[in-house]
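J.: Sharing a structure, written as structure tokens. Questions coming.
Rule-based calculations on the coordinates, nothing more; no lab input. Model, not experiment: these values are computed from the prediction. As a convention, Cβ positions derive from the backbone with ideal geometry for all residues, glycine included, and neighbour counts pool all protein chains shown.
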Amino acid sequence: MTVPTLLDKPAARGYRMPAEWEPHAATWLGWPHRESDWPGRLEPIPWVYAEIVRALTRHEVVNLLVPDAKRADFAADVLSRANADMGRVKLWELPTDRSWLRDSGPIFVTNAAGERIALDWRFNAWAKYPDWQRDDLVPAFAAQKLNVPSLQPTHNGHRVVLEGGSIDVNGAGLLLTTEECLLSKTQERNPPFSRADYEQVFADYLGVKKVLWLNRGIVGDDTHGHIDDLARFVGARTVVTVVETNTADENYAILQENRERLESVTDLSGTKLEVVPLPMPRPLIFDGTRLPTSYANFYIANGVVIVPTFNDPADRVALGTLADLFPGREVVGISCVDLVWGLGTLHCMTQQEPL
């Protein structure tokens, strides 16, 4: 379904991007199938996904993309054996390049009447990899299956590239992002977009009234600065941000600056945000590569928050902090020591579908 022309700027018609903690109709996931995403370590990854689906299906539907019928059968077998609620799993066959649906999937906006639009941003594999054409079809596919209008955001005649992991919203007019991801000439998504161009796009399509810009992402981040490894809204005016206490660590200065920025910004009423620190795990190195481990890559579903863990002493601190912030939800740790070898964890692989 194609959205009518009069809705080309959804925010002008009362649409906004809801916060992640607002009610979901479902979570979208893509079944892991690409060996090169987890070189030499793909074998355990389906079982990590099974743990994630098991946790999510206690609370909501999971829409799972599978490349073909053979892998649909394999996925169903793994999920059943892991005791996921298969009555809440919908399998959709669609070939994809990768399985990071946070970035390739649709971003939904809603209005007060409960109507939804699936925003079909262009996806170009983080302006880094040549194979993205199949992933770019995911939003239109999801919109068709859900029978909701689909809209390709444009600005100055340019179809906008945007990944869900590069932004985070509070659902009430604020958006977090980073200069490194959106304004750097490295892995440049939308040349020659400026800060003002992005702010206009966010206002027009997501209902954003104020953009909070942090600087750089964590070391090892393949996306060049995604916000969902740095800082996340957990309430209308509360943000968690990862903090490194080891002054010798490469992330120390980066995260200190971002925390200082957050502590100086205000919401729409001019009130400073509440900034809650999350620890960082100790560096996780595999085959000489530092992996992008971060507790900020959690995912908020209807009755549960799933949190990446790394067999690290800081795991329990992160879980405890998030449990205090989400008293009405289960807070469940998912071991991501294998998953993060793919350079992403829980938030990177999930995309919420709001009610």
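J.: Given the C-alpha centroids of the stretch 259-295 and the stretch 49-64, what is the distance between them in whole angstrom?
T.: 27
J.: Are there any GluC sites (Glu not before Pro) in the stretch 237-323 that are in a DSSP loop and have at most 16 other Cβ atoms within 10 Å? List them by number. Could the numbers behind the result be given before it?
T.: Values: sites: Glu244, Glu250, Glu257, Glu260, Glu263, Glu274; in loops: Glu244, Glu250.
Answer in residue order: Glu250.
J.: Give the Kirkwood hydrodynamic radius (Å, one decimal) of the stretch 273-316, defined as one over the mean of 1/r across all pairs of different Cα atoms.
T.: Mean inverse Cα-Cα distance, inverted, gives 12.1 Å.
J.: Using only the Cα atoms, work out Rg/Rh for the stretch 131-222, with Rh taken as the Kirkwood radius, to two decimals.
T.: 0.97
J.: Something else about it: Mind jotting down the distance between the C-alpha centroids of the stretch 297-355 and the stretch 22-40, whole Å?
T.: 14
J.: Can you list the residues of the stretch 101-144 with backbone N under 17 Å from a point 7 Å past the Cα of Asp68, pointing along Cα to Cβ?
T.: 134-135
J.: Lys185: which lysines have alpha carbons under 16 Å from its alpha carbon, excluding same-chain residues fewer than 8 sequence positions away?
T.: Lys128
J.: Taking the Cα centre of the stretch 5-354 as origin, sum charge times position over the Cβ atoms of Lys and Arg (+1) and Asp and Glu (-1), and report the length of that vector in debye to the nearest 20.
T.: Once rounded to the nearest 20, the dipole reads 680 debye.
J.: List the lysines whose Cα sits under 17 Å from the Cα of Lys272, skipping any in the same chain fewer than 8 residues away.
T.: Lys209, Lys210
J.: Mind checking which aspartates and glutamates have their C-alpha under 18 Å from Lys70, skipping anything on the same chain fewer than 8 residues away?
T.: Filter leaves Glu35, Glu43, Glu93, Asp97.
J.: Phe286's amide H: which non-local residues (gap 5+, or another chain) put their own amide H closer than 5 Å, with H modeled 1.01 Å from N in plane and none for Pro or chain starts?
T.: Leu291
J.: If contacts are Cα pairs under 8 angstrom and at least 6 residues apart, what is the relative contact order of the stretch 5-354 in percent?
T.: Relative contact order here is 20 percent.
J.: Tell me the net charge near Val337. Cut-off is 15 Å between Cβ atoms, Val337 excluded, with +1 for each Lys or Arg and -1 for each Asp or Glu.
T.: With Lys, Arg at +1 and Asp, Glu at -1, the net is -3.
J.: Here's another thing I want to ask about it. Taking the stretch 5-354 as the region of interest, what is the percent of Cα-Cα pairs per 10 angstrom bin, listed from the shortest bin to the one with the maximum distance?
T.: 5, 27, 37, 25, 6, 0
J.: As a check on your grasp of the helix formula, calculate [θ] at 222 nm for the chain: sum -39500 (n - 2.57) over DSSP H runs of n ≥ 4, divide by the residue count, round to the nearest 500. Intermediate results must be reported in sequence, preceding the final value.
T.: Details: 10 runs with 89 residues, N = 355.
Computed mean residue ellipticity for the chain: -7000 deg cm²/dmol.
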